[in-house]
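Some notes on the structure that comes next.
Where a number appears in this text, it was derived from the coordinates with a stated rule and is not lab data. Here the structure is a predicted model, which means the values were calculated and not measured. As a convention, Cβ positions derive from the backbone with ideal geometry for all residues, glycine included, and neighbour counts pool all protein chains shown.
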Amino acid sequence: MNFPIDRVSRDFPILNQTVYNRPLVYFDNAATTQKPVQVMEAIREYYEKENCNIHRGVHYLSQKATEMHEDTRKKIQQFINAPSSNEVIFTRGTTESINLVASSFGRRFLSEGDEVIISVMEHHSNFVPWQVICREQKAILKFIPVTETGELDMNAYRDLLTERTKIVAVTHVSNVLGTINPVKEIIRLAHKRNAAVLIDGAQSIPHLGADVRDMDCDFFCFSGHKMYGPMGIGVLY
């Protein structure tokens with residue numbers, strides 16, 4: 001979608017500045033997106049009119065803030081086509097979402113000799129937590145290799161799956177290569193082995209959207225700050 005330059009400048013005031021004697025150009029959206037005025041105004045309006053602890057009081061402001069919080073959860077449910085808003089957990093971002101799954105699922109379902117599969121193209125946020133929990137539980141961490149064209153080697157992936165595979169955790173879109181992984185096939189093959197699947201959607205959801213029911217993933221996570229939202233908020237489905 002192409003927007004007129006004056007619309008971009010109006011919606012993203014940070015771009016209305018000169019750096020090194022040239023107009024600022026920002027291309028680092030894979031790391032974090034800039035915030036449009038609509039988001040900043042919504043945050044300001046909340047602090048000016050509705051600010052209060054949620055789920056903690058019966059007075060007007062607390063009830064109003066709680067209602068807005070839960071309405072947002074329902075909007076996220078609809079956005080990713082989750083079966084229930086109860087399956088939408090707010091976190092501080094993709095990293096915390098993956099950490100939460102690795103620590104909870106890992107301690108509950110991983111035993112000595114069990115296997116976790118990730119790929120060699122993972123962001124360190126989807127590498128280190130599995131490395132830590134596998135060391136703790138004496139599980140085996142296995143890696144899907146990448147072909148010369150920068151795609152996951154699906155034949156190798158099929159060979160890595162065994163009866164001891166408990167969870168597969170892969171990125172939907174690589175933050176380094178830009179590769180769009182065949183997550184539906186990855187999930188289908190894992191489920192044939194009764195393994196759960198976590199999809200890191202931090203890079204994919206701003207561009208491709210997400211339909212977790214169509215994908216049939218067990219966990220899906222993403223961050224608000226990569227899709228024009230504020231820092232410090234994320235979602236774990």
Tabulate in residue order the Karplus-calculated ³J(HN,Hα) for the range 142-148, using 6.51 cos²θ - 1.76 cosθ + 1.60 with θ = phi - 60°, rounded to whole Hz; enter x for Gly and Pro. 10, 10, 7, x, 10, 6, 5
For the range 1-120, what is Rg from Cα atoms divided by 2.2 N^0.38 Å, rounded to two decimals? 1.51
About its Cα centre, the range 81-236 carries a charge dipole, from +1 on Lys and Arg Cβ atoms and -1 on Asp and Glu Cβ atoms, whose size in debye to the nearest 20 is 320
Report the rotationally averaged projected area of the range 81-236 based on its alpha-carbon convex hull, in square nanometres. 8.7
Local charge sum around residue 205 (other residues, Cβ-Cβ under 12 Å, Lys/Arg +1, Asp/Glu -1)? -1
Which entries in the list 74/184; 138/184; 74/142 go over 32 Å, if you measure between the two C-alpha atoms of each? 74/142
Please give, to one decimal in nm, the separation of the simple spin-label points placed at residue 192 and residue 176, each 7 Å out from Cα toward the Cβ. 2.9
Using Cα atoms only, what is the angle between the long axis of helix 183-192 and the major principal axis of the chain, expressed in degrees (0 to 90) to the nearest 10? 40
Do any GluC sites (Glu not before Pro) in the range 73-128 lie in a loop, going by DSSP, with at most 13 other beta-carbon atoms within 10 Å of their beta carbon, and if so which? 112
Estimated dipole of the range 5-69 in Debye, rounded to 20 [Cβ of Lys and Arg +1, of Asp and Glu -1, Cα centre]: 80
Can you tell me the 0 to 90 degree angle between the C-alpha axis of helix 128-137 and the longest principal axis of the chain, rounded to 10? 40
On Cα atoms only, tilt of 60-80 relative to the major axis of the chain in degrees: 50
Virtual spin-label span in nm between residue 207 and residue 62, 7 Å along Cα→Cβ: 4.5
Interchain or sequence-distant (5+) residues whose placed amide H lies within less than 5 Å of the amide H of residue 220 are 199, 237
DSSP bridge orientation in the chain - percent antiparallel, rounded to nearest 5: 40
Length gain on complete extension for the stretch residue 108 to residue 69, per 0.36 nm per residue less the alpha carbon to alpha carbon distance? 11.0 nm
